[in-house]
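The values are calculated or read from the model by the stated rules, or taken from the named source; none is laboratory data. The shown structure was predicted, so the numbers you read here are calculated from the model rather than taken from an experiment. Reconstructed Cβ throughout: ideal geometry from the backbone, glycine too, with neighbour counts over all protein chains shown.
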Amino acid sequence: MIGQLYEEALRGRPAVEIEDADGRRRPLPVGDWLALRPGDTGLLDRCAGATLDVGSGPGRLTVALAGRGLPVLGIDIAPSAVALAQAAGGPALCRDVFGRVPGAGRWRTVLLADGNIGIGGDPVVLVRRVAGLLAPGGRILVEVEPPGSGSRTEPLRLRAPGSVGEWFAWARVSADAIRGVAADSAVAVTEAWEEAGRWFVALSS
Ligand SMILES: C[S@@+](CC[C@H](N)C(=O)[O-])C[C@H]1O[C@@H](n2cnc3c(N)ncnc32)[C@H](O)[C@@H]1O
């Protein structure tokens, strides 16, 4: 996800895979992030007011929200991702969610889509951080794993023929385990839905 191979995958490098600590590999699903896909509609429909798309990647959600006339900003640490989002008409900046973020305390909606609850490897730290970016009454919309898989953090790295990236920590949280993460983060699950085999929750203070 993070690093040079991610940037190269976004620019079309083939055969980039995600590897876990046991050596299991799966393709990096770049195609999922380049165009709207089933399950995105319900997420987009629930965005209200100024929306911050955290880990916006190449910006399919940012661009779609801008097209709906919503004030939106995508932030991502990968310059290639931000460049693709901007080229597609999405307002996006190269920012770390744990660093200085524009509009802190004024966002009505914060998106953590595509498993971005995993950013940084500690979902409680991340939810606390993005809750601090919300305006009063705002919501965090989070894509989670299907129920039953619990919450876990694992080291991952990207690899491709002839290249291997650095390990980074990534968390996965299931639709049932998110309640514990929410409670530990001083927020509550206020809505949960499933669409096209994808699972989502809304969190509010
Ligand atoms: C699973 S991809 C999400 C793709 C994206 N939601 C989309 O629509 O294309 C995770 C994204 O999170 C970004 N990311 C990782 N750590 C980050 C951080 N600390 N702050 C902001 N973005 C981060 C990665 O660069 C990557 O683009």
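For the reader, a short list of remarks on this structure follows.
- Qualifying residue in region 130-152 (condition: basic (K, R), without any contact (Cβ under 8 Å) to a residue 12 or more places away in the chain and not in a loop (DSSP other than H, G, I, E, B)): no
- Selection count, region 45-66, where residues are within 14 Å of the ligand (Cβ to nearest atom) and of a type in the set (G, A, S): 6
- Residue within region 68-75 that is within 11 Å of the ligand (Cβ to nearest atom), under 25 Å from V144 (Cβ atoms), without any contact (Cβ under 8 Å) to a residue 24 or more places away in the chain and within 16 Å of the chain's Cα centre (by Cα) present: yes
- Beta carbons closer than 9 Å, at least 6 apart along the sequence or on distinct chains, pair a first residue in region 1-20 that is without any contact (Cβ under 8 Å) to a residue 60 or more places away in the chain with a second that is assigned to a helix (DSSP H, G or I) and surrounded by fewer than 19 Cβ atoms within 10 Å (Cβ to Cβ) for G12/V30.
- Residues (buried (at least 17 other Cβ atoms within 10 Å of the Cβ) and more than 8 Å from the ligand (Cβ to nearest atom)) located in region 89-117: G90, P91, A92, V101, W107, R108, T109, V110, L112, I117
- Filter pass, I18 being of a type in the set (V, I, T) and modelled with pLDDT under 95: no
- Flag if R139 is more than 12 Å from the ligand (Cβ to nearest atom) and crowded, with 23+ Cβ neighbours inside 10 Å: yes
- Qualifying residue in region 113-136 (condition: among the hydrophobic types (A, V, I, L, M, F, W, C), farther than 23 Å from W33 by Cα and touching a Lys or Arg at 6+ places or on another chain (Cβ under 6 Å)): yes
- G42, sole failed condition from (1) within 11 Å of the ligand (Cβ to nearest atom); (2) of a type outside the set (S, T, N, Q); (3) surrounded by fewer than 22 Cβ atoms within 10 Å (Cβ to Cβ): (1)
- Filter result for G23 (modelled with pLDDT of 95 or more, away from the ligand (no atom under 13 Å from the Cβ) and either within 14 Å of the chain's Cα centre (by Cα) or farther than 11 Å from R157 by Cα (or both)): no
- Number of residues in region 118-129 that are more than 10 Å from the ligand (Cβ to nearest atom) and surrounded by 23 or more Cβ atoms within 10 Å (Cβ to Cβ): the value is 2.
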